[in-house]
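Report on the following structure.
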Amino acid sequence: QVQLVESGGGLVQPGGSLRLSCAGSGIIFSFNAVGWYRQAPGKERELVATITSGGSIRYADSVKGRFTVSRDNAKNTVDLQMNSLKPEDTAVYYCYANMRILGRDYWGQGTQVTVSA
């Protein structure tokens, strides 16, 4: 059974930083694509950052230069370092993994990030 568990969300002031972490079980992150999506109120879920099994990284244009995604193969975790946060970054952030051998997507339960003064 695949489980993705996020941690690290919270309330931060504009310009501040947060680090999200996602721990996986039942799936090996280094063999599959993993990353982060987010969903703001009234909007569709959107890609934030992903890492493929080969290590290729993709960022949404809105977070380039501010967010950094990283994978720790030994711990089987994927982190999202978020700097220079803006109010428009407020959303529920979801950990994502695509198990290539099954062609199936998995999601964490989500963690709230609120950027407000």
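The values are calculated or read from the model by the stated rules, or taken from the named source; none is laboratory data. These numbers were taken from a predicted model, which means no experiment stands behind them. Positions of Cβ are backbone-derived with ideal geometry, glycine not excepted, and every protein chain shown enters the neighbour counts. With ligands, DNA and RNA removed, areas are computed over all heavy atoms of the protein, side chains included. Shrake-Rupley method; radii C 1.70, N 1.55, O 1.52, S 1.80 Å.
Things to note:
- Hits in region 94-117 - residues which are farther than 14 Å from residue 46 by Cα and not aliphatic (A, V, I, L, M): 98, 100, 103, 104, 105, 106, 108, 109, 111, 112, 114, 116
- Qualifying positions in region 4-27 - over 12 Å from the mean Cα position of the chain (by Cα), farther than 17 Å from residue 115 by Cβ and surrounded by 13 or more Cβ atoms within 10 Å (Cβ to Cβ): 24, 27
- The residues on offer are 45, 71, 100, and the sole one that is of a type in the set (D, E, K, R), farther than 17 Å from residue 5 by Cα and without any contact (Cβ under 8 Å) to a residue 60 or more places away in the chain is 45.
- Residue ranges of strands (runs of 3 or more DSSP E) in region 33-108 with at least 2 members open to solvent by less than 60 Å² (accessible area, probe 1.4 Å) and aromatic (Phe, Trp, Tyr): 33-39, 91-99
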